[in-house]
Every structure is written in C-alpha cells, then in structure tokens.
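To keep things clear, I will list the structure first and then write my remarks on it.
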Amino acid sequence: MLTRMKSAVANFMGGMMAGGSNGDHSGGSDLPLKYPYSRPEFLGLSPDEVECSADHIARPILILKETKRLPWSTGYAEVINAGKSTLNEDQACCEVLVVKRRPTGSSTPNRTTMDRRRSSLPNGEGLGLRENLPTSTLLRPTRCLQQTHETSEDLTFHYWALFDGHAGSGAAVVASRLLHHHIALHLQEVMEILCTPNLLPPTCLGEEPINHHLTPTSQRALTRAASLRGAAGAPGSPSTPPTRFFTEKKVSPESLVIGAIENAFKDMDVQIEKEKAVYNISGGCTALVVVYLLGKLYVGNAGDSRAIIIRAGEVIPMSAEFTPESERQRLQFLAYMQPHLLGNEFTHLEFPRRLHRKEVGKRILYRDFTMSGWAYKTIEDDDLKFPLIYGEGKKARVLATIGVTRGLGDHNLKVHDSNIYIKPFLSCCPEVKVYPLAQSEHGADDVLVLGTDGLWDVLSNQEVAEAVSCFLANCDPDDQHRYTMAAQDLVMRARGVLKDRGWRISNDRLGSGDDISVYIIPLMYGNKQN
C-alpha cells in the first residue's frame, strides 16, 4: 500500500494515473472504436490538418475557417496541450436541433428504471437503454431554419458543449456525438407542455394541466371538479373540510428543461458504460453544456470547465467547478456510509498532512463530512490510512487518482495497482443554472464565454472579461468574425509564447500546458431570435 501511495503522490503533476492517457487503445484493447478520433466537425479539418494540429511544440491555435459555420456567429478556438497526452482530449459540439412531436397514439418509450440502473459498482447487472436514440432533426449550422421541414408544432433549441477528456479521448468523443440527442429525447417527452404558454406541468403526464390565467371562479370550479373525481374523504372533497395548506407542489416549465438536461447526462453515462462492453471507449470526460430554449439559456456543468456571462462589463458566473475540495463533504459522507468502497486502505477523514505512526495517541487537527471547520481528535491506527481526499488546489485527488468529481465515463477507473474502483465516488449529474436571456437587451459586446480548465487554470474570470471586452471594443460591431478572433486571442493569452523556460503568459507567469477550448457566444442574437 505504501509503495502504491508513493507512486500516486509522485504522479500528482502528471494527472491521471489510469492507463491510456496517451491514446485511445489503452490497455491493449482489441475492441473497435465507436467513433474515430477527430477534431470538432464544425472546424472542417482534413485528416492531414488534424495530424498537424497535434504539434506539441508549435501548438497551433485552430479557429473556424468560415465565419458563418456556427449559429449566432459564435466564435471558437482551441489548442493542444504541451505534451501531457498525445491527442487533444478536449472535444466540442455546436448544433441547432428541431424536436418533432411524437405521432398521435405513440406510446411513451420505456424508461431505464432506477432499479435497472447499475449501482455504479463494476459488478453491476445489465443496463436498460432506450433504443432508436436520434429522435431529433439536426440542422447543420450552415442551413437556416426556413430550409427545413420545421413546423409551428416543433421545438427548436440551440446547443453548445465542451468535453474535457482524461485517460484517453474516447468518452469525450462519444459524448460529443450523442449527448444532444439524449437531451432532445427528454425534451420531446415534455414538449407539449413547454409549447403551451401559461400552463404548469400536470403531476401526472397526460392529465389536463392547470391554466394560471383562468379566473378565480373558473379555477375554483376546476379544482372542485377534480376533487369530485377523487375518492370520498380525499382532500378537497365535499365530505372533508378544506385543507389549510397546498397538497401539491407547483412545478415550473423551466424545471422540466432542467430535468431533461439532468436525465440526459445520466442516460449518456449509462450508454457509455453499456457500450464499453463492445467498443473501446477510453477514459472519462467532464461536460459543459449550454441549451438555448424559449428565451432562456440553460448551462449544465459536470466537472471543472467554466462558463461566465460578460454583460456591460459585469461578470456573471454561470457554473461552479466540481473538484475533490468543493465536494469533500459529499465524498466523505459516502465513504462513511459505505466504508467497503475504501478497500480498507483509505480513511474518509481529512488531515492537514499525512500522519506518522509516532503520532498515534496525539491530538491532531481533522475534519469529517459534518464539518466545514477543523477540530482536534486523538489519532488511532485507522487514521494512518491514506486520506480519501489528498492534496490542495489543482493537485487535490480522490483516492490519490483523479482530480475531478463529476463527469461521464471512468467506469473502469481504479486506484493505481489495486482493485478499488473510483466510479462510486464520481457523479454524472450536472448542476444546471438558468439565465433569462429574453428579459434583457444585449449589446454586441455582451457574450457567454465557455472554456475548459486549460483556460481558467491561468486566467481569472476578471482577466477573461477584461481581455474579451477590450478585444471586442476594438473591433467593428458589424464584423461577425470578431467573436472567432476574440476566442483566438483568449486562447493565445492562456497558452502564452514559448520561451526557454516553457510557455509564458503576461508578467512572465507560467502559461497553460493543458488542452484549451473556448467558445465566445454573442447574446444579442438570442434577443433577435425572440
């Protein structure tokens, strides 16, 4: 165990210790790839250009070849790492999708019930997965909506996503191809409700929703009619006195979109797990997704990528990173409740440093899942085990292995040289934040910036906001290419220039040696669309 932990600590700067960080055929897998490695489709790169982009010495910055390849004149730029992995493990996707209504009389597709989902343990049982996944019509960004068969009954949404892979690019490639289809599938199930203004979702799908623009008299009549359909003695029925509190929680249409995104992430993770049996899908990935639907931006994040809105010079954070430190209490509570997951080699407690055997019996600072502060405890033999969470900042690791706590994939990831699986501690569930875009007017310089952690490792929110605002202020407001050039400038600032001592940025600080991917999305196009 000690040798294993020394090896793990020695690899902190090297990132993941699972095999396969240098390619997609890790562990000598003979399984075929589900999708071949490539760069984002909208870049339009040839195989030779993809190969040239993987230059870890020159690190060329890739941008869009045509200004109108992405909706809303979105800008995009990326650069490969400085040698951390052979391939650029970031992936990106940008699409406009039209969700069609189900044909009349079609039944609700079978769900993957919770009891059929595997328990996240490696020996879980078979998985249920809905078939015929693509139920949406993809509109390529080069096509306009009028050229499609879209009708007033269809639901259109815009989609941007970044995926940051680790221990291989396989999971990021698969997620970039399929996650938006899962979102479309879940939106299709509730689109009747979303497309009907002023109605709250019914508790039971198929029942008549409540119209909140009815008069009080008609609303009371509707409520009384509904109560008469229930059994005698039910709340609100004539045989019982009226209740003094609401017996049913009101759910907003907005929360249905949030739920659709959350369930899409879970289904994507289940699909990756299932298909690893027949395809070589290496590693895992973080996921940062933006959906623009019915006047609102929904930003879903699982991992350590980040999104901010820059509006009139103000920075509005739209995501939070999920790391061993930010999720310490969740992880410690899980380990406390299920200690077998620690393999009798780790402790769920956190200490300021590694403990030594000579300190048994002494009073040492510690904290557990119930604490945000610190206290002293008497050290016992069990406390000498390696901590569940060890390290600080970017060097913090879960089970001495992984530095992010949410994302997709990683189903086979184990502690180095052991049989302890890490997936039970990782969550695929995103945090979804909502920005009511249509409620405010936005200028040409008001943008949403998405970036993988390679950007934010070296630049703060304020530095990014100042750089983007300054660049756009010096561009022609009518130049649609300005957002692509701003994205390129931002990536260049984070990468820096190559000097004798490595990549350096302003003030001779160390530049980012990680893969960097950036979207700059102008918000004024959302106002125009509305």
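I'd like to verify a number: residues in the range 22-49 that are open to solvent by less than 40 Å² (accessible area, probe 1.4 Å), at pLDDT below 50 and in a loop (DSSP other than H, G, I, E, B), how many?
So the first thing to find is which residues in the range 22-49 are open to solvent by less than 40 Å² (accessible area, probe 1.4 Å), and the list is 23-24, 26, 29, 38-40, 42-44.
Retained after the next criterion (residues that are at pLDDT below 50): 23-24, 26.
Those left that are additionally in a loop (DSSP other than H, G, I, E, B): 23-24.
Here the count works out to 2.
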query = List pairs: first in the range 81-95 and closer than 16 Å to TRP503 by Cβ, second charged (D, E, K, R), Cβ under 6 Å, 6+ apart or cross-chain?
reply = ASN81/ASP514; ASN81/ASP515; ASN88/ASP515
query = Can you pull out the residues in the range 296-312 that are open to solvent by less than 10 Å² (accessible area, probe 1.4 Å) and either at positive phi or charged (D, E, K, R) (or both)?
reply = GLY303
Tally, over the range 366-414, of residues that are of a type in the set (S, T, N, Q) and open to solvent by less than 10 Å² (accessible area, probe 1.4 Å) = 2
Residues of the range 382-420 classified as more than 17 Å from LEU331 (Cβ to Cβ), in contact with a helix residue (DSSP H, G or I) (Cβ under 7 Å, 6 or more places away or on another chain) and modelled with pLDDT of 95 or more, total = 4
task = State whether the residues of the range 427-438 include one that is at pLDDT 95 or above, within 20 Å of ALA58 (Cα to Cα) and surrounded by 14 or more Cβ atoms within 10 Å (Cβ to Cβ).
result = no
ask   = Can you pull out the residues in the range 50-86 that are closer than 25 Å to VAL290 by Cβ and open to solvent by 40 Å² or more (accessible area, probe 1.4 Å)?
value = ILE63, LYS65, GLU66, THR67, LYS68, ARG69
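Counting residues that are open to solvent by less than 20 Å² (accessible area, probe 1.4 Å), which helices (runs of 4 or more DSSP H) fully inside the range 443-530 reach at least 2? Give the derivation first.
On the way: elements: 453-456, 461-473, 482-495, 524-529.
Qualifying helices (runs of 4 or more DSSP H): 453-456, 461-473, 482-495.
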note = Those residues of the range 321-365 which are charged (D, E, K, R), in a loop (DSSP other than H, G, I, E, B) and open to solvent by less than 70 Å² (accessible area, probe 1.4 Å) amount to GLU321, GLU327, GLU345, ARG354
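Surrounded by 14 or more Cβ atoms within 10 Å (Cβ to Cβ), among the β-branched types (Val, Ile, Thr) and not in a helix (DSSP H, G or I): which single residue out of ILE281, ILE261 fits that description?
Details: ILE261 fails: not in a helix (DSSP H, G or I).
Testing whether each residue is surrounded by 14 or more Cβ atoms within 10 Å (Cβ to Cβ), among the β-branched types (Val, Ile, Thr) and not in a helix (DSSP H, G or I) leaves just ILE281.
Report yes if some residue within the range 313-320 is open to solvent by less than 30 Å² (accessible area, probe 1.4 Å) and either in a strand (DSSP E or B) or more than 18 Å from THR370 (Cβ to Cβ) (or both); otherwise report no. Full working, then the answer.
Residues of the range 313-320 that are open to solvent by less than 30 Å² (accessible area, probe 1.4 Å), as a first pass: 318-319.
Add one more test, that the residue is either in a strand (DSSP E or B) or more than 18 Å from THR370 (Cβ to Cβ) (or both), and what stays is 318-319.
There is at least one residue in the range 313-320 that is open to solvent by less than 30 Å² (accessible area, probe 1.4 Å) and either in a strand (DSSP E or B) or more than 18 Å from THR370 (Cβ to Cβ) (or both).
The values are calculated or read from the model by the stated rules, or taken from the named source; none is laboratory data. Since the structure is predicted, the reported quantities are computational estimates derived from the model, not experimental observations. Glycine also receives a Cβ, built like all others from the backbone with ideal geometry; neighbour counts cover every protein chain displayed. For accessibility, only protein heavy atoms count, side chains too; no ligands or nucleic acids. Shrake-Rupley method; radii C 1.70, N 1.55, O 1.52, S 1.80 Å.
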